[in-house]
Amino acid sequence: MSNAIATVSLSGTLEEKLRAAAAAGFAGVEIFENDLIGSSLSPRAVRGMLDDLGLACMLYQPFRDFEGMPGHLRQRAMDRAERKFDLMGELGADRILVCSNCSPVSLGERARIVDDFRELGERAAKRGILAGYEALAWGRHVFDHRDVWSIVEQVDHPNIGIILDSYHSLSRKIPSESISQIRGDKIVFVQLADAPLLDMDLLYWSRHFRNLPGQGGLDVDSYVAEILRTGYDGPFSLEIFNDRFRSNSATLVAEDGHRSLNYVRDAALRQLGLETTMPAPQPVLAAEFVEFTADGVESARLGSTLATLGFTLAGEHRQKKVTRWRQGGVNLVINAEPKGFASAYRAAHGPSICAIGVRVKDKAAVLARAAALGIRAYSPEGRPGRMAMPALRGVGGSLVYLIDDNEVEGLWAREFVALDMEPDAPVHARGFDHLAAVVHEDEFLSWQLYWRALFGLEAKAAQDVIDPSGLVHSQALQSPDGGFRVTLNASDARQTLSSRFLEQGIGGGYQHIAITTDDIFATARALRDSGAAMLAIPDNYHADLAARFGFDDAMIARMAQLGILYDEDAEGNGFWQLYSRAFDKLFFFEIVQRDPAYTGYGAPNAGVRLAAQNRFRDDSLID
Ligand SMILES: O=C(O)c1ccc(O)c(O)c1
Ligand SMILES: [Mg+2]
């Protein structure tokens, strides 16, 4: 059970693609015909390079418009096949993919198609080649793997088998259980791809939007499980046509690709109740803290800001210039140490969120799963084992600290001297609702895979958000019970709030923290009274709210005065929101009150919020 990747999935020249595939640990590649045709390397030189890199040439593809051709075109197709068999001999490939015919002149007659494959089988046998028939979802006559299987059965030739491609089957909603009809030893090759759920022409969707298993919305896990159940033990190969990947770093896509195959295989084995080498994903129970990096002066200013937001200084680190601010279940840590990770992060990104801490049941299992997925742990140079908490690399170079649920209280007590909290300070924050990160568009899918593969977070439907300066893609992910939520935002438009954050902060990272309250009106009044700088929302928004939800005038006036936004799902579950102004134009806070059954993030309000923030742009980057 090895991992392979089609050269079409990676950017660059053929040489660059092969190097990236080898470096990421793939056992082999599919040579995609166009990549060879456009290369100045001879087939023998490609073979030499594959040998040097330790890569097998597992498949040559695609061979198009073969079966059911009329008249003299039939002989042309056979001649063409012989030429490709010659080429495969030079490349060292013994498998070829024949995709179902798309030609408008092709014939759909079953008997002809069967005859053509019998003849191809005879020709392939003389060369020691296996040909696999793949149903393209947009094939002229054959577009369903069930038809391909029935043809392959009828052809009944040892050199003719089936190739399964998850995109073609799942985009057409063909039940994966149908794979149980297929004999495992007749599966010549398996190609895997995921895709976002878009209502789109099948060909266009396939050629531009495929992505890695764990980055889209197709049930690739169950597809793989059904294939494993047939006894197939050959390679799983990524065949990803994706506009973004074509311009992305081949190294990033190859590394993510390898991770995604290991992830999907693990998930499929788990579905089947079979043994797998990876520990199970540990759900994140909750975010325990968010850590800010700031120098001494910024630290004092940030402390004042947190105080206006209702936080109290709750502890000081026993050895370090680190303070703990607390309100209800929300812990914010300000790290003003002049050395170490936080200080290095600040040097690159400015005062910002440099780490988060998450509670899990078994951090050792998380670390082991991360290692199996090739996700790096953070180890401060020269001081292994000195960390109070292990950490993994996270978005924008930040860290994710791992804390076992049963050690949380002990950890705070051990590391921090507790300061007396004002006993009757009102508590408006119950816990973290979600953490919102901004990432480069090129890494948008990569971080989705990270959260899904490592922690088993579930992806919600992607949202397109309209910023006054352009489109922002937004993807929410959450633990199955909703105890931990993150959102990823990315934008190609140069002047959106997301893009300005990347420029200002030199790279991705967390841009805002959303905190839950049980009474947003009381919280909003308290924040106003303590002088917190909050984001004003224009009256037009509230007039529209009144029209949409029938709020009375007094309610609308209160919401407008306090800058409260509202959304409601189809069942009438509500969601209330309130935003702070940004600290140093870098990060800000959101306060939310959610009906337990409301599962969104106020997407209809995001454009209004971005427009409001956009009004503070002029003097410098964001506010
Ligand atoms: O888009 C295509 O033409 C194409 C070619 C070969 C494949 O294996 C495939 O899945 C799609
Ligand atoms: Mg395919």
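The values are calculated or read from the model by the stated rules, or taken from the named source; none is laboratory data. Everything quoted here is computed from the prediction, not taken from an experiment. Cβ atoms come from the backbone with ideal geometry, glycine included; neighbour counts cover every protein chain shown. With ligands, DNA and RNA removed, areas are computed over all heavy atoms of the protein, side chains included. Shrake-Rupley method; radii C 1.70, N 1.55, O 1.52, S 1.80 Å.
Structure above, values below:
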read-out	value
In segment 143-198, the residues that are more than 12 Å from ligand 1 (Cβ to nearest atom) and among the aromatic types (Phe, Trp, Tyr)	TRP149
Cross-chain or 6+ apart pairs with Cβ under 7 Å, segment 234-254 first and assigned by TED's automatic domain parsing to the domain that holds ALA22 and acidic (Asp, Glu), then within 16 Å of ligand 1 (Cβ to nearest atom) and open to solvent by less than 20 Å² (accessible area, probe 1.4 Å)	GLU239/ALA6; GLU239/VAL8; GLU239/SER9; GLU239/GLU30; GLU239/ASP165; GLU239/GLN191; GLU239/ALA193
Selection status of ARG74, under 28 Å from ALA111 (Cβ atoms) and away from ligand 1 (no atom under 12 Å from the Cβ)	yes
Among the candidates GLN511, GLN577, GLN495, residue that is more than 20 Å from GLY600 (Cα to Cα) and among the polar types (S, T, N, Q)	GLN495
Which listed residue, of ASP65, ASP165, is in contact with an Asp or Glu (Cβ under 6 Å, 6 or more places away or on another chain), among the acidic types (Asp, Glu) and buried (at least 16 other Cβ atoms within 10 Å of the Cβ)	ASP165
Test: residue in segment 572-595 that is in a helix (DSSP H, G or I), closer than 28 Å to VAL330 by Cβ and assigned by TED's automatic domain parsing to the domain that holds ARG528	no
Residues (within 13 Å of ASN211 (Cα to Cα) and either part of a loop (DSSP other than H, G, I, E, B) or out of contact with any helix residue (DSSP H, G or I) (no Cβ under 7 Å at 6 or more places or on another chain) (or both)) located in segment 245-257	ARG246, ASN248
Residue, most open to solvent (accessible area, probe 1.4 Å), within segment 201-241, restricted to residues that are more than 16 Å from ligand 1 (Cβ to nearest atom) and not in a helix (DSSP H, G or I)	ASP233
Residue within segment 457-473 that is under 24 Å from PRO283 (Cα atoms), outside any strand (DSSP E or B) and modelled with pLDDT of 95 or more present	yes
Residue within segment 59-73 that is away from ligand 2 (no atom under 16 Å from the Cβ) and assigned to a helix (DSSP H, G or I) present	yes
Residue check for PRO62: touching a helix residue (DSSP H, G or I) at 6+ places or on another chain (Cβ under 8 Å), more than 27 Å from VAL142 (Cα to Cα) and modelled with pLDDT of 95 or more	no
Whichever residue in segment 163-220 is in contact with a strand residue (DSSP E or B) (Cβ under 7 Å, 6 or more places away or on another chain) and acidic (Asp, Glu) and, among such residues, is nearest to ligand 2 (Cβ to nearest atom)	ASP165
Members of segment 47-71 found to be away from ligand 1 (no atom under 16 Å from the Cβ), under 37 Å from the mean Cα position of the chain (by Cα) and among the aliphatic types (A, V, I, L, M), listed by number	MET49, LEU50, LEU53, LEU55, ALA56
ARG83 vs. criteria within 30 Å of LEU18 (Cβ to Cβ), more than 16 Å from ligand 1 (Cβ to nearest atom) and not hydrophobic (A, V, I, L, M, F, W, C)	yes
Among (1) part of a loop (DSSP other than H, G, I, E, B); (2) out of contact with any Asp or Glu (no Cβ under 9 Å at 6 or more places or on another chain) - the single one TYR541 does not satisfy	(1)
Filtered residue count, segment 528-586, keeping only those that are free of Cβ contacts under 8 Å to residues at least 24 places away in the same chain and hydroxyl-bearing (Ser, Thr, Tyr)	0
Residue list for segment 348-359, restricted to those being open to solvent by 10 Å² or more (accessible area, probe 1.4 Å) and out of contact with any Ser or Thr (no Cβ under 9 Å at 6 or more places or on another chain)	ALA348, ARG359
Among the residues listed as ALA554, ALA514, ALA524, the single one being open to solvent by 60 Å² or more (accessible area, probe 1.4 Å) and either modelled with pLDDT of 95 or more or under 34 Å from the mean Cα position of the chain (by Cα) (or both)	ALA554
Of residues in segment 242-266 being open to solvent by 10 Å² or more (accessible area, probe 1.4 Å) and closer than 24 Å to LYS186 by Cα, the one nearest to the chain's Cα centre (by Cα)	ASN262
Residue count for segment 99-129, restricted to those that are open to solvent by 20 Å² or more (accessible area, probe 1.4 Å) and within 16 Å of ligand 2 (Cβ to nearest atom)	1
Selected residue [more than 33 Å from the chain's Cα centre (by Cα), modelled with pLDDT of 95 or more and assigned by TED's automatic domain parsing to the domain that holds CYS57] from GLU177, GLU134, GLU109	GLU109
Residue in segment 320-340 that is under 29 Å from THR523 (Cβ atoms), open to solvent by less than 50 Å² (accessible area, probe 1.4 Å), part of a helix (DSSP H, G or I) and outside the structural domain of LEU454 (by TED's automatic domain parsing) present	no
Selection within segment 2-16 - crowded, with 19+ Cβ neighbours inside 10 Å, under 25 Å from VAL224 (Cβ atoms) and more than 16 Å from ligand 1 (Cβ to nearest atom)	ASN3
Answer residue from segment 89-98, given it is more than 16 Å from ligand 1 (Cβ to nearest atom) and outside any loop (DSSP other than H, G, I, E, B) and is surrounded by the fewest Cβ atoms within 10 Å (Cβ to Cβ) among those	GLU90
